[in-house]
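Working notes for the structure below.
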Amino acid sequence: MIRFFLTASSTLLVAACMSQAPAPAVDRNSGAKSSAAAQPSGPGYYTVKRGDSLFRIAATHGKDQKDIAAWNNLANVNEIKEGQVLRVIPPVAEASTGVVATPVVSSQVVESRPLDEAPKVVAAPPVTETTNGNLKREPRVGKEPYSDEAYARLNSVPEAPKAAETKTEVVAVAPTMEPAPVVAAADDVAWAWPSSGKIVGTYSEAGNKGLDMGGKMGDPVLAAGDGRVVYAGAGLRGYGELVIIKHNATYLSAYAHNRKILVKEKDQVTRGQKIAEMGNSDADAVKLHFEIRKQGKPIDPLPFLPKR
């Protein structure tokens, strides 16, 4: 009998456990996905592609690789990953896209009243004559808007007949506008030819982004203007041994396909200084490929170089 009761109790316990509803499943990833902040995009940002280096990104956008590393809190300039979004303009540049005009609030008011309604008269300050003949005026209490009636009243001239028709007169005073700030002109550079070689390739927006100058292996390559070396190496595909000089906040110049580089990053150079030797690194012939970049964009160097 006892065995029967024990067997029945075990059966009831198993049935009770099977009848309980399953525990609800919780998707722990949905909250994480919704809380993930969207990465910045648009002008001023660049998404790293496979094979990119910080040197190449900086040169493409006309910036110093050290600056881009600082703007993105990169401790190591070599630690960038495919798909990473980098800021390529300084943070303050996003807000300096134009001149902001601040409205000027005028303290003068606009009065609107019918013509047949007499304006409020404010007594003119009394005028007294001093002993030396100069006029002395007491402090003014206020002013009234100009009208024919007011002018006649202040000068003791009979008032002009009032018009029968009621109209609205608006007396407005244009607000005083502050002069717009003068925008400084772009920085100028005293340019010089980087090589005495013959031009073998000219600038083209669709193809060649600079000038190609022929020569012999080892011919001198000269700095086209005063500035600071921001890149010296072979990290950009298609340029070979490359030197980039930053002249000011507006202009950069680039010297590609060198055989040997004679300067290093952060060096200060002067116009006409020898910075490299001509070669054919990453090129099909011995030549110097020379570029001028304005705000990071390549432009035709010929209008900037002196006539030969």
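The values are calculated or read from the model by the stated rules, or taken from the named source; none is laboratory data. All of these numbers come straight from a predicted model, not from anything done at the bench. Neighbour counts run over all protein chains shown; Cβ positions are idealised from the backbone, glycine included.
Take Ser204 and decide whether it is without any contact (Cβ under 8 Å) to a residue 12 or more places away in the chain and assigned by TED's automatic domain parsing to the domain that holds Pro298. Criteria met by Ser204.
Report the residue count in the range 214-229 for those that are closer than 19 Å to Tyr251 by Cβ and not in a loop (DSSP other than H, G, I, E, B). Summing the residues that are closer than 19 Å to Tyr251 by Cβ and not in a loop (DSSP other than H, G, I, E, B) in the range 214-229 gives 5. Could you tell me whether the range 256-273 includes any residue that is without any contact (Cβ under 8 Å) to a residue 40 or more places away in the chain, within 10 Å of Val221 (Cα to Cα), part of a loop (DSSP other than H, G, I, E, B) and in contact with a strand residue (DSSP E or B) (Cβ under 6 Å, 6 or more places away or on another chain)? Within the range 256-273, one or more residues are without any contact (Cβ under 8 Å) to a residue 40 or more places away in the chain, within 10 Å of Val221 (Cα to Cα), part of a loop (DSSP other than H, G, I, E, B) and in contact with a strand residue (DSSP E or B) (Cβ under 6 Å, 6 or more places away or on another chain).
None of Ala232, Ala249 is among the aliphatic types (A, V, I, L, M) and outside any loop (DSSP other than H, G, I, E, B) except Ala232. For the range 283-304, taking the residues that are in a loop (DSSP other than H, G, I, E, B) and in contact (Cβ under 8 Å) with a residue 24 or more places away in the chain, the one that is nearest to His61 (Cα to Cα) is identified as Gly296.
Please enumerate the residues belonging to the range 40-79 that are touching a strand residue (DSSP E or B) at 6+ places or on another chain (Cβ under 7 Å), over 19 Å from Gln295 (Cβ atoms) and among the β-branched types (Val, Ile, Thr). The answer is Thr47, Val48. Annotation note: Cβ proximity below 6 Å between a residue of the range 181-198 that is within 12 Å of Ala223 (Cα to Cα) and modelled with pLDDT under 90 and a residue that is not in a loop (DSSP other than H, G, I, E, B) and not hydroxyl-bearing (Ser, Thr, Tyr) (sequence gap 6+ or interchain) occurs for no pair. Selection within the range 249-265: residues that are modelled with pLDDT of 95 or more and surrounded by fewer than 16 Cβ atoms within 10 Å (Cβ to Cβ). The member of this set that is farthest from Lys297 (Cα to Cα) is Lys260. Only residues that are under 29 Å from the mean Cα position of the chain (by Cα) and surrounded by 19 or more Cβ atoms within 10 Å (Cβ to Cβ) were counted in the range 266-283, giving 1. Of the residues examined, Ala75 is one that is surrounded by fewer than 13 Cβ atoms within 10 Å (Cβ to Cβ), under 25 Å from the mean Cα position of the chain (by Cα) and at pLDDT 80 or above.
Scanning the range 220-230 for residues that are surrounded by fewer than 21 Cβ atoms within 10 Å (Cβ to Cβ) and in contact (Cβ under 8 Å) with a residue 60 or more places away in the chain turns up nothing.
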